[in-house]
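We did not get these values from a lab; they are worked out from the coordinates using the rules stated. Since this is a predicted model, take the numbers as computed values, not measurements. No Cβ is skipped: glycine too gets one built from the backbone with ideal geometry, and neighbour counts run over all protein chains shown.
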Amino acid sequence: MPYLTMSASYDPPLRGFLGNAWTLSAEIIFYVALPAVAAFASGRELVRLVASRWWPLLATFVVVHAAEVAGVFSCYIGSFAVMALFVVVAPIVGVENPTVGETLGRSVRLVRGRFWPVLGTAVLMGVVSSLLGNTLSALPQGVAALIGFDAAWPLVALGGILGQLVTAPFVAAATTLLYFDLRVRTEGLDIEFGARRAINRAG
């Protein structure tokens, strides 16, 4: 148990940060991306909507991480490419609810025109998330080192949980904002929203 907790707390910046986005994105998406749904749906309806996205999120999670593992054999170059091309998969599932194959293709189409900026943003998100998580868990781990990890592993676990509670929503929200930024830049989403508002006012 102590080993598992400590290893999770010291993950490298780029390792597994996308998993945090999948963890909470299905819930956060309805408050960040779909305010209309959050405003009119009951708590039970929101739970049902989130639950309906569970299997696509899980399936895309498995596929993307399998591709990342395969990319390790190309000196991590392939892993970086996979990370960038599929970084917005979770928001796509939450907002658009396509099939797994459509989700992956949609992510590639959104990202490929801005591959390098997206890669830089993804790396920055991973670094900030890792630094933040390690900072929050440093104090419990320091105390545990003084009194012994065998006796204080619950304290180490608590530090790791605290880090995840802060970094997971951060990564999920940042990934969602990146998704909308890509849609604005590539599809003119802001223009579409502006036209809808104008039509509603005229009506």
inquiry  = When the residues of the range 44-97 are narrowed to those that are crowded, with 19+ Cβ neighbours inside 10 Å and charged (D, E, K, R), which ends up farthest from Arg112 (Cα to Cα)?
reply    = Arg53
note = Among residues of the range 99-118 being closer than 16 Å to Phe61 by Cα and touching a residue at least 40 places away in the same chain (Cβ under 8 Å), the residue surrounded by the most Cβ atoms within 10 Å (Cβ to Cβ) is Thr103
inquiry  = I need a count of the residues in the range 189-203 that are under 23 Å from the mean Cα position of the chain (by Cα) and not in a helix (DSSP H, G or I).
reply    = 0
ask   = Does Val184 qualify as being β-branched (Val, Ile, Thr), assigned to a helix (DSSP H, G or I), touching a helix residue (DSSP H, G or I) at 6+ places or on another chain (Cβ under 7 Å) and within 28 Å of Trp54 (Cα to Cα)?
value = yes
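Looking only at residues that are surrounded by 19 or more Cβ atoms within 10 Å (Cβ to Cβ) and touching a residue at least 24 places away in the same chain (Cβ under 8 Å) in the range 127-146, which one is farthest from the chain's Cα centre (by Cα)?
Our first condition is that a residue be surrounded by 19 or more Cβ atoms within 10 Å (Cβ to Cβ); within the range 127-146, this holds for 129-130, 133, 136-137, 140-141, 144.
This time we only want the ones that are touching a residue at least 24 places away in the same chain (Cβ under 8 Å), so: 129-130, 133, 136-137, 141.
On the way: Ser129: 11, Ser130: 13, Gly133: 15, Leu136: 19, Ser137: 20, Gln141: 26 Å.
It comes out as Gln141.
Kindly indicate which of Phe170, Phe149 is touching a Pro at 6+ places or on another chain (Cβ under 8 Å) and surrounded by 15 or more Cβ atoms within 10 Å (Cβ to Cβ).
Values: Phe170 fails: touching a Pro at 6+ places or on another chain (Cβ under 8 Å).
After ruling out the rest, the residue left standing is Phe149.
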